[in-house]
Amino acid sequence: MSDFVTPTLPQILGQVATDLAITGGVNPGQYNAVVEGVKYALAGVAHGLYAKLDNVALQCHPFTATGISLQQFAAVWGLASLPPTAAGGTIRFTGVSGADIPANTLLQSRYGLAYATGTDTIVSGGVANVSVVCTLTGANTNLAAGEVLTVVTPLPGVNSSVTLAAPLTGGTDQEEDAALQGRLFERVRNPVAGGSQTDYQGWALGFPGVTRAWCMPCGMGAGTVLITFMMDAMYANGVPLAANATALAAYLQPFVPADCSKIYVVPPVAAPMNPAIAIKPNTIAMQAAVTANLTALVLAEANYEDGSGSGVVLITQIEEAIGSSLGIVDYVLSGPTANVAPSAGKIVTLGAITFTTLP
């Protein structure tokens, strides 16, 4: 950014008035409606031009660029903003054997979202497993197990209500500028090196929904690469499902160097941290502030444990996160009381927080 300080509108008005008095011969002590109109018009135009130049200055560097400008910087390095995606999965209909469930049959959730079936399916043995995908995109299209979908137009011989035995996943929002900027900086700072650790991590972060990724060379033996990842915006604890790992592995396969015999994509196992905290004041707002800080801590500091201590979250970091919560007067952390060290293959997640009142 430039060191130039943009003048305020009152400052510009003053400068125009001075210019009109000095170069235009206008008496500043005598009111003139025409002159006043010209003064405000000129000042308004100049103020708008300054604002435009301020924005141009911001868009000229990837550190401050947004929107299309940021996407153009990213495109130079072969990156693109990740588009929103729709949730999908497999659901089980029940009904009379032989009943038909046509493709594109619509079902509706209690949130008003519609999900369309895939291929035409016939009920067999009283059940039919059918793939569905939401007709819209976004993280709000994900549905948890136990949710109920209802057929919009009833089908002969088919029960209209379907209870999800497994969640519908894969729905993500449009990638935000901050996330794209982060991927761009990683790409610039770590140029592609034919299959390095940072290469695999960068490639994994290019898959919709992946927010964190780790790579372990020879993690499953010579000539292998072990990749693990998190999907913090899609799941409460951030830990992806096996289906997500399968999809990511298929996405990564074209990037795999010829000398690598096998890649393994495995979700980490959650190691929930369940803090017990006495706080003062113990209010809903205070609890929300502490929870937000601990959530941010886990996202920033919790790593996959590869057996070397990489996944440790320090007790001092936990205490700092609580103590820096806006509005907190005092607190006592009764658990955990030491560094949180997950075992190999796990990652620290934020579990249930128990709040009590500190006198």
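Below are the figures for this structure:
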| read-out | value |
| --- | --- |
| Value of [θ]222 nm, deg cm²/dmol, for the chain, DSSP H segments ≥ 4, -39500 (n - 2.57) each, nearest 500 | -10000 deg cm²/dmol |
| Extension reserve of the ALA179-ALA300 stretch, reckoned as 0.36 nm per residue once the Cα distance is removed | 42.2 nm |
| Least to most buried among PHE93, PHE207 (fewest other Cβ within 10 Å first) | PHE207, PHE93 |
| At R0 = 56 Å, FRET efficiency that the Cβ-Cβ distance of ASP3 and SER343 yields, to 0.05 | 0.60 |
| Packing-based exposure ordering (other Cβ within 10 Å, fewest first) of TYR200, TYR40, TYR31, TYR235 | TYR31, TYR40, TYR235, TYR200 |
| Quarter of the Cα convex hull surface for the stretch 88-163, i.e. its orientation-mean projected area (nm²) | 4.4 nm² |
| Share antiparallel - DSSP beta bridges, the stretch 100-207, percent rounded to 5 | 100 percent |
| Calculated FRET value between ASN159 and ALA243, using beta carbons and R₀ = 30 Å, to 0.05 | 0.75 |
| Convex hull volume of the chain per residue (C-alpha atoms, cubic angstrom) | 252 Å³ |
| Cα→Cβ-extended label distance, 7 Å offset, between ALA41 and SER131, nm | 6.4 nm |
| Cβ crowding within 10 Å averaged over residues, with 330-338, 144-152 ranked highest first | 144-152, 330-338 |
| For a label point 7 Å along the Cα-to-beta-carbon line of LYS262, residues of the stretch 197-223 with backbone N under 17 Å | 216-223 |
| Label point at THR66 placed 7 Å out along Cα→Cβ; residues across the stretch 179-212 whose backbone nitrogen lies under 15 Å | 179-181 |
| Cross-link partners of LYS52 among lysines (Cα-Cα below 30 Å; sequence separation of 8 or more within a chain) | LYS39 |
| Positive minus negative residues near LEU205 (Lys, Arg vs Asp, Glu; Cβ under 13 Å) | -1 |
| Extension gain, SER308 back to ARG110 (0.36 nm per residue minus Cα-Cα distance, nm) | 66.7 nm |
| Local electrostatic count at GLY345 - Lys and Arg +1, Asp and Glu -1, tallied over other residues with Cβ under 14 Å | -1 |
| Gain in span if fully extended, ASP54 to THR356, counting 0.36 nm per residue against the direct Cα distance | 103.8 nm |
| Dipole of the stretch 275-359, positive end: most advanced residue of VAL290, ALA321, GLY307 [Cβ charges, Cα centre] | VAL290 |
| Cβ-placed point charges (K, R +1; D, E -1), dipole of the chain about Cα centre in debye, nearest 20 | 360 debye |
| Packing-based ranking, highest mean first, of 136-143, 74-81 given that Cβ atoms within 10 Å are counted | 136-143, 74-81 |
| Expected-Rg normalisation [2.2 N^0.38 Å, Cα atoms] applied to the stretch 270-357 | 1.06 |
| Inter-site label distance for ASN140 and VAL188 at 7 Å from Cα along Cβ, in nm | 3.4 nm |
| Which of VAL239, VAL312 has the fewest Cβ neighbours within 10 Å, and the rest in rising order | VAL312, VAL239 |
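Coordinate-derived values only; no laboratory data. Note that this is a predicted model, so its numbers are computed, not measured. Neighbour counts run over all protein chains shown; Cβ positions are idealised from the backbone, glycine included.
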